[in-house]
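Single-structure report; data block below.
The values are calculated or read from the model by the stated rules, or taken from the named source; none is laboratory data. Since we're looking at a predicted model, the values are computed, not measured. When we count neighbours, we look across all protein chains shown, and the Cβ atoms used for this are built from the backbone with ideal geometry, even at glycine. Please note that ligands, DNA and RNA were not included when accessible areas were found on the heavy atoms of the full protein model with its side chains. Shrake-Rupley method; radii C 1.70, N 1.55, O 1.52, S 1.80 Å.
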Amino acid sequence: MRRRVFPFQSPKGMHDILPADFLYIERVERALAKVAHFYGFERIETPVLEDVRLFERGTGPTSEIVTKQMYVVKGKRDTGILALRPEMTPGVFRAYIQHGLSRLMMPGKLYYNGPAFRHERPQAGRFRQFQQVGFEVLGTGDPAYDAQVIMASWRLLSELKLKNVTVRVNSIGCGLCRPVYVRRLKEYYKKKISGACRTCQKRFKENPLRLLDCKEPKCQPLKEEAPVSLDSLCSTCKNHFTAVLELLEGTGAPYLVDQFLVRGLDYYSRTVFELFAEGIDAALGGGGRYDYLSEALSGPRMGAVGVALGVERIVEAQKTQSTVVPARSTPDVFVIYMGDEAKKKSFALIEEFYKEGLVARESFSRESLKSQLRAADKEKTRLALILGQREVFEEVIIVRDMRTGNQETVSLKKVVETVKKRLH
Ligand code: HAM
């Protein structure tokens, strides 16, 4: 007989998050909450769908995220065209302005944790739905916040005991000095671009800064000789960058200046950075200052800086490094029954444990003592409580120590108390 194949799969590039992965993800989320609390970031969640123009104008018309990877959803007449958010920054920024949060928080220090969507070519570390956590500081140009956002991301990864976390940092200048730099870069590439890869040729026309992002071996010698943005910074940008580095210097966090770091989103100005950890090539996180995003969205003039980290990549790094393997929490007791009457009593007993703050498990779909004991063993419980027909009749219960196999019979009325004593 032919076996029927289940016809459905998760969409390409989108993955189910299974219980075993949540052990890792929840570690990330606990670390995120701790770090956010320490630095005074408050949580925000924005809709998964936003007006497409928010990303077209915010994330930027030349970024690949917008030109190639955005999931656009045709809304009904009252919503216009929407997009599944490819990142959170423009949405968080919109919410900050929309709700007048600057009156309550100045600077606005917000953090988030949620799904983002990019129609990427599926490959290792690149998904079409992924989870981002991030920090944004809105309403300030102070370099101390560039450094603080870097520290918060570094602390998050260090909290997870990831080894050799490094920060690469660069400055790509402001609206005054960057055009000068881009002209120098174009000038340099002009005569040589015919020998470069096709992506570089395209970037030369559309987004010359991204020429420095090329990983193609044949373009490396060209790139290495290229002028760097740090040599073209105006004095204000130079001072800003020096201040960021000095602040980082004082903390002992390992950073290095990477003059080729440019990032793929259009809104950055001045500081840009990425975070890496041993054993995984892709960046775990990236961010920077985006002082012109507000104007691009027709908002007030306002400085801002932030970072986002990919949870899947952080989980991958945790697994690759295997510094800490998170374990499932074990129950305090496992209740085993035999017969219908005992099953009813077990059901009620489990609720008693809830009231006392103890975790009780069961295996109601199994009937034999042997298979329930096996289930208790698998759950790695310290104590099993066995309730048979005779015990129900005598109003007692057997308390079995799963490590030693020792058993004692106690009154059903006193079982919660006995368990508490035995566990402490
Ligand atoms: P991003 O560099 O595009 O920056 O993404 C940040 C992180 O999200 C990446 O370092 C990576 O870990 C993860 N990530 C991005 N795309 C994917 C993907 N397709 N699959 C899996 N993980 C991915 C931003 O999104 C900016 N909003 C960061 C920022 C915040 N800048 C200022 N504030």
- request: Multiply the residue gap between residue 183 and residue 374 by 0.36 nm, knock off their C-alpha separation, and tell me the result in nm, one decimal place.
  value: 61.6 nm
statement: Evaluated at 20 °C and 1.002 mPa s, the Stokes-Einstein D of the range 121-181 based on the Kirkwood radius over Cα pairs, in µm²/s, stands at 144 µm²/s
field: Cleavage-rule hits, trypsin sites (Lys or Arg not before Pro), the range 108-143, DSSP coil, Cβ neighbours within 10 Å at most 16
entry: none
Area accessible to solvent at residue 99, 1.4 Å probe radius, in Å²: 110 Å²
statement: Averaged per residue, the 1.4 Å probe accessible area of the chain, protein heavy atoms only, in Å², is roughly 54 Å²
Within the range 314-336, backbone nitrogen closer than 14 Å to the virtual label 7 Å beyond the Cα of residue 21 toward Cβ: 314-319
field: Beta bridge orientation in the range 333-423: antiparallel %, DSSP, nearest 5
entry: 55 percent
- prompt: By per-residue mean of other Cβ atoms within 10 Å, what is the highest-first order of 81-89, 362-370?
  reply: 81-89, 362-370
query: the range 132-205 to the range 355-402: how many Å between their Cα centroids?
result: 58 Å
- prompt: Roughly how big is the chain's charge dipole about its Cα centre, with Cβ charges of +1 (Lys, Arg) and -1 (Asp, Glu), in debye to the nearest 20?
  reply: 1340 debye
Exposure of residue 67 as accessible area (Å², to 10), given a probe of 1.4 Å and all protein chains: 80 Å²
- line: To the nearest 10 degrees, the tilt of helix 311-321 (Cα long axis) against the first principal axis of the alpha carbons of the chain is 70 degrees
statement: Rounded to the nearest 10, the angle in degrees between the Cα long axis of helix 340-355 and the longest principal axis of the Cα atoms of the chain comes to 50 degrees
message: A 27 angstrom limit on the alpha carbon distance is what I want to check against. Which of 109/205; 345/380; 186/238; 12/192; 223/319 exceed it?
response: 109/205; 12/192; 223/319
- line: Taking max minus min of the Cα coordinates of the chain on each principal axis, largest first, gives extents in Å of 92, 61, 49
task: Identify the trypsin sites (Lys or Arg not before Pro) of the range 289-363 meeting these criteria: DSSP loop state and at most 12 other C-beta atoms within 10 Å of the C-beta.
output: 301, 328
